[in-house]
Amino acid sequence: LFIIAIGIGLLCHFMAKLIVHRFTRPETGFSFWRSLFTRLSKPLSIYLPILVLYILLPFMRMEQSFYSHLHKFADVVLMITFAGLLMGVVRIGEDYVYYAYDIKKGDNLRERKIRTQLQFIRKLVIIIILVITACFILMSFDSRRKVGASLLTGVGVGGIIIGFAAQKSLSGFMAGFQIAFTQPIRIDDVLVI
């Protein structure tokens, strides 16, 4: 059953790859399917076999201790690869915006502004996904459940404490946020000092 699970997952990944190569043309423009496969192929190649393994786990005969360890391992890997899938979806959106706002044209002030803001938003969303995934992974372990729950619920108090401890770092972060959205300088600007 373990080999069947891995085989089914890899077969699904291989079929998706064939379909994408069959229906996408080698053009320079944006292709949703090409971007989808490029950004999601690595997480899906792990997610699909582990998902099938997770579904087939109750039908496997093994010792209870080994079953619980394998079940917990599959849980954690599914959470990590799902986070990878979410980050891939963010990257697909970024690919589309990069295509829609091409900076190769002459008057590209608006495009550079959008790209600068997009990079900042992408990094922020990826950090949020990673923190939430880490919290859920910690909450899946009985011994670490309190740590994960306190991370999710204690963000406000922790934010105040971290704010006092890291005022200079946070002021730099807020300055970067302000620069990204007020646009005094943009990507590809030349600054003369």
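Remarks
- The set of residues in the stretch 96-118 being under 21 Å from Leu36 (Cβ atoms) and either touching a Cys at 6+ places or on another chain (Cβ under 9 Å) or surrounded by fewer than 15 Cβ atoms within 10 Å (Cβ to Cβ) (or both) consists of Tyr96, Tyr99, Ala100, Asp102.
- Some residue of the stretch 26-36 being outside any helix (DSSP H, G or I) and touching a residue at least 12 places away in the same chain (Cβ under 8 Å): yes
- Yes/no for Leu18 being over 22 Å from the mean Cα position of the chain (by Cα) and in a helix (DSSP H, G or I): yes
- Taken as a whole, the stretch 59-78 holds at least one residue that is closer than 30 Å to Ile121 by Cα and either open to solvent by 90 Å² or more (accessible area, probe 1.4 Å) or touching a Ser or Thr at 6+ places or on another chain (Cβ under 9 Å) (or both).
- Unmet requirement for Leu85, which otherwise passes all of (1) under 24 Å from the mean Cα position of the chain (by Cα); (2) open to solvent by 50 Å² or more (accessible area, probe 1.4 Å): (2)
The values are calculated or read from the model by the stated rules, or taken from the named source; none is laboratory data. Small disclaimer: the values here were computed from a predicted structure and weren't measured. Backbone-built Cβ (ideal geometry, glycine too); neighbour counts: all protein chains shown. Ligands, DNA and RNA are excluded from the accessible area calculation, which covers all protein heavy atoms including side chains. Shrake-Rupley method; radii C 1.70, N 1.55, O 1.52, S 1.80 Å.
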